[in-house]
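J.: Input: one structure, supplied below.
Values in this text are rule-based calculations from the coordinates and carry no lab data. Since the model is a prediction, treat every value here as computed from it, not as a measurement. Note: ideal-geometry Cβ built from the backbone for every residue, glycine included; neighbour counts use all protein chains shown.
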Amino acid sequence: MVLVTGAAGFIGYHVSEKLLGLGYEVTGIDNINNYYSPKLKWARIQRLMAFPSFKFCQVDLCDAEGMKDIFKKYDFKIVIHLAAQVGVRYSLENPIIFQQTNIEGFLNILELCCHSKIQNLIYASSSSVYGQNKKLPFSENDPLEGQISIYGVTKRTNELMAHCYSCLYGINTTGLRFFTAYGPWGRPDMAIFKFTDAILKGSPLNVFNNGKMKRDFTYIDDIVEGVIACLKHPFQYEIINLGNNSCIELLYIIEYLEHALGKKAEKILLPIQPGDCPITYADISKAGKLLDFKPKTNIEEGLKRFIEWYLSYLRSGS
């Protein structure tokens, strides 16, 4: 049986769905907080509940006793830890919740994995750990000296904690540095979702760094394939980038959405926000070597699929 934390989240939902389709038994946990619409999170869980081999427990990572009960009840062999408090800018407004969820919560996961003799722990890191890194593309071998958001700090801390537990207790751990995942059932606080929503509603778009922000947008199906590949390759300790190995300017995204939606966007160009990295760009050669990772979805196809889902989701009245 596989435990997926954050199963009501964007990546957690897609990973759980893939595992269930492959015949795995999956227990998903999530606290269903209100950082963004709980309605969207419950809609994801309802889709997973259609699988007889899926079980869901609503619990907070920081509830040590509640988490311990779940590990006692189910015989997990693999843990895929995707639950986290997310949001680079939000981490500057509310750093305490990031410390609690991302560090204290991760420590609970490590302790439970240690005592339950989990064979393989796969966990979410982030491109935010690269911070002010100037070398492009970002490589796992780059020195990490300049995280510029509390979120990035917590994710780098997770990597160091995993290294410690791997060395001390022999837990196999793989940290995946995700680069700007997007796609159907995505997060409303992410750029592509926000831009699509604003264009359709005729609301102005806040475009930071005067439109010069660049991101390595990675389609969700490619992210999921990278996560699933780690099931076959339990490493004693590894950190691996999962990106698309491309760098797309946000203005290009907006132009594509305008064309696809048939509406012009009202853009408000603003300076870069504190905590934001002007560019993310993944070197995925290590993922290719260790996981045979080859992203298949270009930005145009990924945006097309996202728009189709978004319009369908709106029509459903969700």
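J.: If each DSSP helix of 4+ residues adds -39,500 (n - 2.57) and the sum is divided by the residues in the chain, what number results at 222 nm, nearest 500 deg cm²/dmol?
T.: Rounded to the nearest 500, the figure is -13000 deg cm²/dmol.
J.: Under unit Cβ charges (Lys, Arg +1; Asp, Glu -1), what dipole magnitude, rounded to 20 debye, does the stretch 150-262 have relative to its Cα centre?
T.: That gives the stretch 150-262 a dipole magnitude of about 300 debye.
J.: Can you tell me the length gained on complete extension of the stretch residue 270 to residue 49, counting 0.36 nm per residue apart and subtracting the Cα distance?
T.: 75.3 nm
J.: Can you put 91, 128 in order, fewest other beta carbons within 10 Å first?
T.: Listed from fewest to most nearby Cβ atoms, that is 91, 128.
J.: Would you kindly derive the ³J(HN,Hα) couplings of the stretch 267-279 from the backbone phi angles with the Karplus curve 6.51 cos²θ - 1.76 cosθ + 1.60 (θ = phi - 60°), listing them in order in whole Hz, with x for Gly and Pro?
T.: The phi angles translate into 9, 10, 7, 10, x, 4, 8, x, x, 7, 8, x, 8 Hz.
J.: For the chain, set up a GNM with springs between Cα atoms under 10 Å and report which of 182, 219, 237 has the largest fluctuation.
T.: Result for the chain, Cα springs under 10 Å: 237 fluctuates most.
J.: Would you please report the Å³ per residue occupied by the convex hull of the alpha carbon atoms in the stretch 236-318?
T.: Per residue, the Cα convex hull of the stretch 236-318 comes to 176 Å³.
J.: Loop-only check: which trypsin sites (Lys or Arg not before Pro) in the stretch 133-220 are DSSP coil with at most 14 other Cβ within 10 angstrom?
T.: For trypsin sites (Lys or Arg not before Pro) across the stretch 133-220 that sit outside H, G, I, E and B with at most 14 neighbouring Cβ atoms in 10 Å, the list reads 134, 135, 212.
J.: What FRET efficiency, computed as 1/(1 + (r/R0)^6) with R0 = 51 Å and r the Cβ-Cβ distance, is obtained for residue 301 and residue 169, rounded to the nearest 0.05?
T.: After rounding to 0.05, the efficiency reads 0.75.
J.: Calculate, in nm to one decimal, what residue 65 and residue 139 gain on full extension: separation in residues at 0.36 nm each, minus their alpha carbon distance.
T.: Extending this stretch completely gives an extra 22.8 nm.
J.: Neighbour counts of other C-beta atoms within 10 Å: give me 213, 190 arranged from fewest to most.
T.: 190, 213
J.: Too long at a 19 Å Cα-Cα cut-off: which of 134/194; 77/286; 194/304; 212/267; 135/289; 232/289?
T.: Where the Cα-Cα span goes over 19 Å, the pairs concerned are 134/194; 77/286; 135/289.
J.: Share of antiparallel DSSP beta bridges in the chain, in percent to the nearest 5?
T.: Percent antiparallel among DSSP bridges in the chain is about 5.
J.: Right, next: Check each of the GluC sites (Glu not before Pro) in the stretch 119-210 and keep only those in coil by DSSP with at most 10 other C-beta atoms within 10 angstrom; list them in order.
T.: 145
J.: May I ask you to list the trypsin sites (Lys or Arg not before Pro) in the stretch 257-303 that are in a DSSP loop and have at most 15 other Cβ atoms within 10 Å of their Cβ?
T.: Taking the stretch 257-303 and a limit of 15 other Cβ atoms within 10 Å, the loop trypsin sites (Lys or Arg not before Pro) found are 263, 264, 296.
J.: Give, in whole angstrom and from largest to smallest, the semi-axes √(5λ) of the equivalent ellipsoid of the stretch 62-188, with λ running over the eigenvalues of the Cα gyration tensor.
T.: Over the Cα atoms of the stretch 62-188, the ellipsoid semi-axes are 26, 17, 14 Å.
J.: Then there is this: In Å and from the alpha-carbon atoms only, list the Rg and Dmax of the stretch 1-135.
T.: Cα radius of gyration and Dmax of the stretch 1-135 are 14.9, 48 Å respectively.
J.: Further question on the same structure: Given a 10 angstrom Cα cut-off, can you work out which residue in 239, 122, 248 is the most mobile in a GNM of the chain?
T.: 248
J.: So for the pair residue 58, residue 197, with labels modelled 7 Å out along Cα→Cβ, what separation do we get in nm?
T.: 2.1 nm
J.: Please figure out what share of the DSSP beta bridges in the stretch 98-219 is antiparallel and state it in percent, rounded to the nearest 5.
T.: Antiparallel: roughly 0 percent of the beta bridges in the stretch 98-219.
J.: Give the calculated FRET efficiency between residue 294 and residue 119 to the nearest 0.05, with a Förster radius of 30 Å applied to their Cβ-Cβ distance.
T.: 0.70
J.: If each of residue 100 and residue 314 carries a label point 7 Å out from its Cα toward its Cβ, how far apart are those two points in nm?
T.: 3.6 nm
J.: Residue separation times 0.36 nm, minus the C-alpha to C-alpha distance between residue 74 and residue 33: what's the value?
T.: 12.4 nm
J.: Same structure again: Can you give me the orientation-averaged projected area of the convex hull built on the Cα atoms of the chain, in nm²?
T.: 15.0 nm²
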